[in-house]
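Scroll down for the structure; my scribbles are underneath it.
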There are 4 protein chains.
Amino acid sequence: MTFDTSARGVYLITVTPFTDSGALDLASTDRMVDFCLEKGVTGLTILGIMGEATKLTAEESRTFARQVVQRVAGRVPIVVGVSSPGFAAMGELTKAVMDIGASGVMVAPPSTVRTDDQIVAYFDMVNETLGAVPWCLQDHPVATGVQISAAVELRIMKNSPHCVMLKHEDWPGLNKLSAIRAASDKGDARRVSILTGNGGGLFLPEELTRGADGAMTGFAYPEMMVDVVAAHARGDVELAHDVFDAYLPLAKYEQQAGIGLAVRKHLFQQRGVIASAAVRKPGPKLSAQDVADIARLVRRQDKRLNELG
Amino acid sequence: MTFDTSARGVYLITVTPFTDSGALDLASTDRMVDFCLEKGVTGLTILGIMGEATKLTAEESRTFARQVVQRVAGRVPIVVGVSSPGFAAMGELTKAVMDIGASGVMVAPPSTVRTDDQIVAYFDMVNETLGAVPWCLQDHPVATGVQISAAVELRIMKNSPHCVMLKHEDWPGLNKLSAIRAASDKGDARRVSILTGNGGGLFLPEELTRGADGAMTGFAYPEMMVDVVAAHARGDVELAHDVFDAYLPLAKYEQQAGIGLAVRKHLFQQRGVIASAAVRKPGPKLSAQDVADIARLVRRQDKRLNELG
Amino acid sequence: MTFDTSARGVYLITVTPFTDSGALDLASTDRMVDFCLEKGVTGLTILGIMGEATKLTAEESRTFARQVVQRVAGRVPIVVGVSSPGFAAMGELTKAVMDIGASGVMVAPPSTVRTDDQIVAYFDMVNETLGAVPWCLQDHPVATGVQISAAVELRIMKNSPHCVMLKHEDWPGLNKLSAIRAASDKGDARRVSILTGNGGGLFLPEELTRGADGAMTGFAYPEMMVDVVAAHARGDVELAHDVFDAYLPLAKYEQQAGIGLAVRKHLFQQRGVIASAAVRKPGPKLSAQDVADIARLVRRQDKRLNELG
Amino acid sequence: MTFDTSARGVYLITVTPFTDSGALDLASTDRMVDFCLEKGVTGLTILGIMGEATKLTAEESRTFARQVVQRVAGRVPIVVGVSSPGFAAMGELTKAVMDIGASGVMVAPPSTVRTDDQIVAYFDMVNETLGAVPWCLQDHPVATGVQISAAVELRIMKNSPHCVMLKHEDWPGLNKLSAIRAASDKGDARRVSILTGNGGGLFLPEELTRGADGAMTGFAYPEMMVDVVAAHARGDVELAHDVFDAYLPLAKYEQQAGIGLAVRKHLFQQRGVIASAAVRKPGPKLSAQDVADIARLVRRQDKRLNELG
């Protein structure tokens, strides 16, 4: 399945399901893939931070990726995070996942690059490393500590013909998004796909208005993002906001630092998608009060969605 | 007006109004004080980051503080941020604002303290510096880089009898809040007031359920926080959430990194509270698209509040 | 005394002497000034981090600055650190110290500026704030977290005609120093003075070879830097290294993180320059083993200097 | 070869030799091993940051480790850095290198652990992951951002019976080293080996005086560290300092941020140990001026060593 600059909609960042005893749960993996596709996602992003990639052995990563690829069976593109401390590992991992059947990869800069020229030089080496593999530039300063200006992003795009997507997570950086879109609208730059993940999509309607093509983030209710993007694409911006606002209290709770992933897995389990909410160590655990908070927010979300019809 | 462990409700973190030409605007300062008190705030916090304290001369800081004290006229306590790179400056500033009529001060740790013992030792020196002045411990790791465990906070409280409040901004740290409250509930620790400011109060209902006494943060609609705290205190938790959710999309927009203060001042100006939305340099400016975003969110907020009755 | 682009030699970063009870010690301040001038320093830099500036009250800072200015009596320029979290405070402090008789000021960027354009914009505002006051750009990424490329430094110099000096502390950044010097040698840029402070001058001979005009740092033996600069200026590079190497073990010990300032004050006290080695809280204290280390290094240094004749 | 608490002397952190075209150079690897053992090192540490571990593919890492193990042939212990973002990878890498014939592993904490309890909990999980494999705790706050107090280190040692060594790189932290040694001297703690690496061994004589058992760091002249440790062990502290001081100017130059590894490889090549000084991308390159600096320092070092006899 092609991963290119025409990408739009919702690329869901998936979790990696484990059994209660901590083993990879491939049956749940299949259910999660089915669930996401039923809800209308247009792509999947696997083995990111929220996919607990660093807690998997190399063999487990390959097994999980193979399972996802097989289950998706070419219906949507699959993007794999390959940020690595060195280019040898990045190249090796990229080759491995492309061989398995991934559609492209995603790269964030290391925290050691700082000046404009250092950032550009880093991505020139990424470009050299990845060759013809289509890739997504992840701009996520809260996680990386690297501030990339709009002008520098445009330099990277120019130097790297196979960079097909910007994952915009500069929190929230709406005016930066506008600037990048304006550059391609005016013909000053190649147009790439822009999917957003700010705080887990907490600015999605505004980002779509600024020209984003959709979202790439995780949320236990992917249908929210699918519906928001669809309504916005039809020009019904108010409906996009209505849907978004109905889910916002829970989305916000799921995005909290520290226990966010445990919240997400708990919700996926509650929804019958995965068998266990287990998170590998080191990882957060929900308290009884957290579970009660979530129950209340889900109940209120259901009620609000009913009101909206 | 006393600032002590019984503090509850909403301590609003105020902006500092300027004229379009950048001078202190004392008439707007008076209007802002009146506005906050009419909306039901139970305290004011001035000269914080969102009050552009670092952009004021020492004389301007004193003038502004004096104006607020005079206008408040003892109706609510006034807390002043005095975090300083050194204890001489902290002591000097504390003496100055207490002489003017402040009720207490607030202190966050410098990013240089890291280990548990370093943090405790730092606040022992704060305690020694402040003497009998009541003070609030600001726990805001996103801004300071300092992670304070619940156990360390309890050590600080024990060593510092005049620490009367915890400003809890460990994002969101709900379980830490629960742990601190549990310690005083069980009689293992002195009970202090806990006001919250996580992401600008974005977890207020949940925090109240965990035992917070209210909020200390900024928002151009302080009535939201006042109403949420009041509903929660009456036991109407669902109403607290209803009110909160109605304001959440705009609150979230106002809390965004970079332009948040400009959004807040724009809203205060739109509401007729301050004459100019000017922010001193270096500071953000709203784009036309930002202003359009805000207008939409305000319109939607009004509609939703109408629906709620 | 003029502070301009012709500055060269050794600008010593002074300590601020206190009595054992922690009060400003003005008699020791006078002795320290005399000592530095006798040893041949060509400038003094006061109220920096190593001058415990943040531990002084505003009144104490003024008193100390006045004492130094008065004792120096125009024999060498005096530079004052005015880095501030806001421009109002920077402007206020600059005016205050220039009124007292300082020759110029020094500014480092705040850790919040990151991209090339953010750095340039920041210093454009510095330029606007300082007006015609001559100033020194402090490039010290270990302390500030801000990486400034050679190209960006040249942009700052171009925009700010009153920036007369670069304090080069990009550890060690010898090739950056070469690049900046090459730009002015080729006529592509205005020539400014470059004084170095890398790790307390631990690369001084190499920096002079790259085109530095001298050092701006602290060391309890300022005669070392004076002699190294003089020998190098005469073309006797080997002698410059010989002198440097003789002092290097102690200089390195004095530059260690954490207790460096306590080592320096201890040495100044041993040399009869200041009456007390007291450092204000929060500050390091020497252990008996530290004192023994220092005694050994001083003894060995004396022996080595004797060998050199 | 056993890696246990009796370890002492010099564990050299090796480089990874490449050919000019960037391939692993196994012949140079053999020569490097021979060179180190001839110079008297008592252990080797491979695949650390200075070994460009992150620039190797998994297969290259195994090939290099196997070559070193084979050439060493049990004469000294071999320690391998296994710090990983997750425990699955850490466990996998540990098993792989122990299977190849390593003697033990080394672990530094990730920058995300901050509070005392978080640090202890992290190393409890390391302990669980490594099982009976002997390991070294790397305390290197400049690189990790994690400040570990002496008390916390002692807690880790207590919880982890197979932690046999502390690599002390808290710059310079001499008093922390003294505190840890005092704890085992008084019988309050298990005695572990302490090897130091502060700034590349720039405080080695002082550290030995405080009770360190030797050094674990890299330097193109390992004989310096071997001779310093030997002289100190014989009680000839002054000779230890004499030898140290003779090498200090070059050691300091080799330790500089940014180009240090290129300096080291250049020196190893000059000494005939490795065939090429090539550093893999992203990596530093020496300028002609850097090379001239090094030539001067080597010449001066030879002269000084001749003087010492």
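None of the figures in this text is laboratory data; all of them are computed from the coordinates on show. What you see is a predicted model; the values in this text were computed from it and never measured. Note: ideal-geometry Cβ built from the backbone for every residue, glycine included; neighbour counts use all protein chains shown.
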Residue farthest toward the positive end of the dipole of region D:265-309, with Cβ of Lys/Arg at +1 and Asp/Glu at -1: which of D:Gln289, D:Phe268, D:Val279? D:Val279
Magnitude of the Cβ-charge dipole of chain B, K/R +1 and D/E -1, about the Cα centre, nearest 20 debye? 320 debye
In region A:31-79, the trypsin sites (Lys or Arg not before Pro) that sit in a DSSP loop and have at most 15 other Cβ atoms within 10 Å of their own Cβ are A:Arg75
Among C:Ile148, C:Gly101, C:Ala231, whose Cα lies farthest out toward the positive end of the dipole of chain C, if unit charges sit on the beta carbon of Lys, Arg (+1) and Asp, Glu (-1)? C:Gly101
Derived scalar couplings ³J(HN,Hα) [region A:88-100; Karplus, 6.51 cos²θ - 1.76 cosθ + 1.60; whole Hz; x for Gly, Pro]: 4, 5, 4, x, 5, 5, 4, 4, 4, 6, 5, 4, 6
Given charges of +1 on the Cβ of Lys and Arg and -1 on the Cβ of Asp and Glu, with all other atoms neutral, how large is the dipole of region D:92-222 about its Cα centre, in debye to the nearest 20? 220 debye
Scaled radius of gyration (Cα, divided by 2.2 N^0.38 Å) that region D:20-97 gives: 1.11
Name all residues of region C:38-74 having a backbone nitrogen under 16 Å from the label point set 7 Å from the Cα of B:Glu128 along its Cα→Cβ direction, giving them as ranges. C:55-56
Residues of region C:117-136 with amide N under 19 Å of a point placed 7 Å along Cα→Cβ from C:Asp99: C:129-134
What area, in nm² and to one decimal, does the C-alpha convex hull of region B:171-309 cast on average over all directions? 9.7 nm²
Residues in region C:109-126 reached by a label modelled at B:Lys285 [backbone nitrogen below 16 Å; 7 Å Cα→Cβ]: C:118, C:121-122, C:124-125
In whole Hz and in residue order, list the ³J(HN,Hα) couplings for region A:71-83 that follow from phi through the Karplus curve 6.51 cos²θ - 1.76 cosθ + 1.60, θ = phi - 60°; x for Gly and Pro. 6, 5, 6, x, 6, 9, x, 10, 10, 10, x, 10, 3
At 10 °C in a medium of viscosity 1.306 mPa s, region B:265-309 has a Stokes-Einstein diffusion coefficient, with Rh taken as the Kirkwood radius over alpha carbon pairs, in µm² per second, of 133 µm²/s
What is the dipole size for the protein assembly as shown, taken about its Cα centre, with +1 at each Lys and Arg Cβ and -1 at each Asp and Glu Cβ, in debye to the nearest 20? 0 debye
Restricted to pairs 8 or more residues apart or on different chains, the lysines in chain B with C-alpha atoms under 19 Å apart form a number of pairs equal to 14
Run through region B:141-237 and list the trypsin sites (Lys or Arg not before Pro) located in a DSSP loop whose Cβ has at most 12 other Cβ atoms within 10 Å. B:Lys186, B:Arg234
Rounded to two decimals, what ratio of Rg to Rh does the protein assembly as shown give with C-alpha atoms and a Kirkwood Rh? 0.95
Cα centroid separation - region C:169-231 against region D:48-89, whole Å: 40 Å
Springs between alpha-carbon atoms under 10 Å, Gaussian network over chain B: tell me which of B:Ala88, B:Ala182, B:Ala278 tops the mean-square fluctuations. B:Ala88
Return P(r) of region A:251-290 (all Cα-Cα pairs; 5 Å bins starting at 0; whole %; ordered from short to long distances). 6, 27, 32, 27, 9
In whole Hz, the Karplus estimates of ³J(HN,Hα) for region A:302-309 (6.51, -1.76, 1.60; θ = phi - 60°; x where Gly or Pro) are 4, 4, 5, 5, 4, 4, 6, x
How far is D:Ser21 from itself in the other copies, in nm, if each label sits 7 Å out from Cα along the Cα-Cβ line, shortest first? 5.0, 7.4, 7.8
With equal scatterers on the alpha carbons only and no solvent term, can you work out the Debye log10 of I(q)/I(0) for chain C at 0.06, 0.10, 0.11, 0.12 1/Å? -0.18, -0.53, -0.64, -0.78
Helical mean residue ellipticity (222 nm; -39500 (n - 2.57) per DSSP H run of 4+; nearest 500) of chain A: -15500 deg cm²/dmol
Between copies, how far apart are the B:Lys281 label points? List them in nm, one decimal, shortest first, with each point 7 Å from Cα toward Cβ, please? 4.0, 4.2, 5.5
